[in-house]
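K.L.:
Sharing a structure, written as structure tokens. Questions coming.
The values are calculated or read from the model by the stated rules, or taken from the named source; none is laboratory data. Just so it is clear, the model here is predicted, and its values are computed rather than measured. Because the Cβ atoms are built from the backbone with ideal geometry, glycine has one as well, and the counts that use them run over all protein chains shown. All accessible areas refer to the heavy atoms of the entire protein, side chains included, with ligands and DNA or RNA removed. Shrake-Rupley method; radii C 1.70, N 1.55, O 1.52, S 1.80 Å.
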Amino acid sequence: MTAAGLSKKFNSLGISIELVESDSIGTVGVGEATLPHIRFFNNTLGIDERKFMRETCATFKLGIEFCDWGKLGDSYIHPFGDYGQPINGVDFHHFWLRLLQNGHKPRLDDYSFPVLAAESAKFQLPGPNSLNIGSNFGYAYQFDSNLYARLLRRYSEERGVTRTEGKAVDAVQNPETGFIGSIQLEDGTNIAADLFIDCSGFRGVLIEQLLETGYDDWSEWLPCNRAVAVQSETAGPSLPYTRATARDAGWQWRIPLQHRTGNGYVYWNKYISDDEAAHQLMSTLEGPALADPKQLYFKTGKRRKLWNKNVVAIGLSGGFLEPLESTSIHLIQEGITSLIELFPDSTFAPSDAEEYNRRMDLNFDRVRDFLLLHYVATQRDDTKMWRHFQNMTLPKSLQEKIEAWQERGYLLRYEQGVFLPPSWVAVMTGQNLVPVGYDPRADQMSDAELLDKTEAIKRDSRLAVTETPDHGAFLADYIGSAS
Ligand SMILES: Cc1cc2nc3c(=O)[nH]c(=O)nc-3n(C[C@H](O)[C@H](O)[C@H](O)COP(=O)(O)OP(=O)(O)OC[C@H]3O[C@@H](n4cnc5c(N)ncnc54)[C@H](O)[C@@H]3O)c2cc1C
């Protein structure tokens, strides 16, 4: 992604890009669910959506279904889209809260087209008129990330990127500044450059092994530290959403692609052994496994500086937050976008790196808060892991956000961060964290008028779903047609 993004922007400026990869090390081989922003990345590169979906075996994604998070037996969908529509400038959820407090039992999901479409396994592309209830939503993809990497490698090479197969084993640093002048490969080849982008995965070959930048360990908040992943045959209809099911010592993902389903169990090894986690994963697959399960180890957190000297860490080398909300690929995209905007000249003004680090720190903080919300907005106390989250001291930013919400449904806005208010509404209400009050401006109409308006939104949402094709049929038709 980084080579592709940079080659698109800098190819014509005489900046040469060399990509070093090691087949013997390989890639992490997971990461299949994304956020809607990836569409803008692909659009910027000029990649045709149909071709992309064909080549990466992608499906459409309307959101994530969370099962057993608020309490055992609960489920809700975090959709990529608003609930209802603001009424006279007031967010819709305040009117929903008013109905609730007046003794009605409205289901917030009934006012969300993407939730209703996902529940019915239906999909259509949003139309041009975002005032239309069946068009006011976003969507992402579930895809084979190895195939995506292959597509982007070809894309980058076509735009002048040189790819070198080899393992970086050493580097030469300027004795005064510590800046890297060149890296050395196992076969003795030296590669000199002005700027090095470390995309070496969890190893952090340059940012950590060489520069010893340091790591902010966030295990105190997000203690899951392992995952076991396996692919299985798809059973049942083609689903336009990812599922995350809470388990005793973590949670399990299910990501439906065109040709198979990705599955994994993310867990805290303090409360479950690797063997037991693998056993639980394998015994809950919906179709036969296509390979042996793969074990992964990680520590939640991020590098103290994602840009240090002339090295910028992008991807897992920069940090990792569990894939509960499919955020890692998005953080890569944020890294690339910020690097393009702050691309240094040969003087390496410290302010570029400082601004880059400030932005990326905020992006990581925001994702951390949102993930942690899933673990603390819950009534679950049935296992040791769930009890661990009770009475936890939260990051101040999250504590303030929850307090403001609980009072009257107000959502403090973050300066930076991928998740907008509707996402917070989805998880908070989905996990039964319902405010005691609401915005007084929601009292602007009579009960009868409010019921009329909300019923109309519900009816329109349902009608739009009735007119929407099945996801599988739409997808087959879409990728089958010429691009
Ligand atoms: C369990 C799990 C589930 C995930 N699920 C999701 C998800 O659903 N959605 C999402 O957005 N993200 C997800 N992610 C994150 C996602 O997988 C990664 O962000 C993404 O794959 C990018 O990884 P990477 O390129 O940083 O690292 P890697 O895939 O590890 O690639 C590292 C590259 O560096 C090369 N390399 C390493 N060392 C050297 C060396 N010494 N010399 C030369 N080359 C070297 C390797 O050959 C490889 O090409 C998940 C991660 C995990 C662990």
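K.L.:
From the residues Val228, Ile479, Asn310, which one has its Cα farthest along the dipole of the chain in the positive direction, the dipole being from +1 and -1 charges on Cβ of Lys/Arg and Asp/Glu about the Cα centre?
P.N.:
Toward the positive end, the furthest listed residue is Ile479.
K.L.:
Roughly how many whole Å is it from the C-alpha centroid of the range 20-52 to that of the range 59-98?
P.N.:
Answer, in whole Å: 27.
K.L.:
Taking a probe of 1.4 Å, how large is the accessible area per residue of the range 1-113, in Å²?
P.N.:
40 Å²
K.L.:
What is the magnitude of the charge dipole of the range 216-335 about its Cα centre, with +1 placed on the Cβ of each Lys and Arg, -1 on the Cβ of each Asp and Glu, and no other charges, expressed in debye to the nearest 20?
P.N.:
For this selection, approximately 480 debye.
K.L.:
Also: Restricting to DSSP H runs of at least four residues, report the calculated mean residue ellipticity at 222 nm for the chain, -39500 (n - 2.57) per run over all residues, nearest 500 deg cm²/dmol.
P.N.:
-10500 deg cm²/dmol
K.L.:
Could you compute the FRET efficiency for Glu467 and Leu420, with r as their C-beta to C-beta distance and R0 at 45 Å, rounded to 0.05?
P.N.:
Result of the calculation: an efficiency of 0.95.
K.L.:
For the range 290-379, what does the accessible surface come to per residue with a 1.4 Å probe? Please give it in Å².
P.N.:
Here the per-residue accessible area is 34 Å².
K.L.:
Is any residue of the range 188-205 close enough, with backbone N under 18 Å, to a label point placed 7 angstrom from the Cα of Ile15 along the Cα-Cβ axis, and if so, which?
P.N.:
Label zone hits: 192-199.
K.L.:
Relative to the Cα centre, what is the charge dipole magnitude of the range 357-483, using +1 at the beta carbon of each Lys and Arg, -1 at the beta carbon of each Asp and Glu, and rounding to the nearest 20 debye?
P.N.:
Dipole about the Cα centre, nearest 20: 580 debye.
K.L.:
For Ala193 and Asp452 in one chain, what is 0.36 nm times their gap in residues minus the Cα-Cα distance, to one decimal in nm?
P.N.:
Length gained, Ala193 through Asp452: 86.7 nm.
K.L.:
Related question: How big is the convex hull of the Cα atoms of the chain, per residue, in Å³?
P.N.:
158 Å³
K.L.:
If each residue of separation counts as 0.36 nm, what is the full-extension length gain between Ser351 and Asn88 once their alpha-carbon separation is subtracted?
P.N.:
90.4 nm
K.L.:
How much area per residue is accessible in the range 117-266 when the probe is 1.4 Å and only protein heavy atoms are counted (Å²)? The partial results should precede the final answer.
P.N.:
Working: 6510 Å² over 150 residues.
Solvent-accessible surface per residue comes out at 43 Å².
K.L.:
What distance in nm separates the two pseudo spin-label positions at Thr393 and Arg413, each 7 Å out from Cα along the beta-carbon direction?
P.N.:
Between Thr393 and Arg413, the label points sit 3.2 nm apart.
K.L.:
Sticking with the crude label model, points 7 Å out along Cα→Cβ, report the distance from Ser75 to Thr162 in nm, one decimal please.
P.N.:
5.3 nm
K.L.:
Let me ask something else. Straight-line reach only, C-alpha to C-alpha below 18 angstrom: list the aspartates and glutamates that Lys270 could link to, leaving out same-chain residues fewer than 8 apart.
P.N.:
Cross-link targets: Asp217, Glu220, Asp248, Glu322, Asp381, Asp382.
K.L.:
Once the dipole of the range 120-210 is set up with Lys and Arg at +1 and Asp and Glu at -1 on Cβ about the Cα centre, which of Gln124, Ala192, Val161 lies farthest towards its positive end?
P.N.:
So the residue we want is Gln124.
K.L.:
I would also like to ask the following. What net charge do the residues around Gln173 carry, taking every other residue with its C-beta under 13 Å from that of Gln173, with Lys and Arg at +1 and Asp and Glu at -1?
P.N.:
Numbers: positive: Lys309; negative: Asp170, Glu176, Glu212.
Within the 13 Å Cβ shell, the charges total -2.
K.L.:
Can I ask one more? Using a 1.4 angstrom probe on heavy atoms only, work out the carbon and sulfur share of the accessible area of the range 121-264 in %.
P.N.:
The nonpolar share, carbon plus sulfur, comes to 46 percent.
K.L.:
Quick check: net charge around Leu239, other residues with Cβ under 12 Å of its Cβ, Lys/Arg +1 and Asp/Glu -1?
P.N.:
That works out to 0.
K.L.:
Got a number for carbon plus sulfur as a percent of the range 309-406's accessible area, 1.4 Å probe?
P.N.:
Carbon plus sulfur share of accessible area: 48 percent.
K.L.:
Related question: Assuming R0 = 41 Å, what is the FRET efficiency of Ala149 and Lys105, from their Cβ-Cβ distance, to the nearest 0.05?
P.N.:
So the FRET efficiency works out to roughly 0.30.
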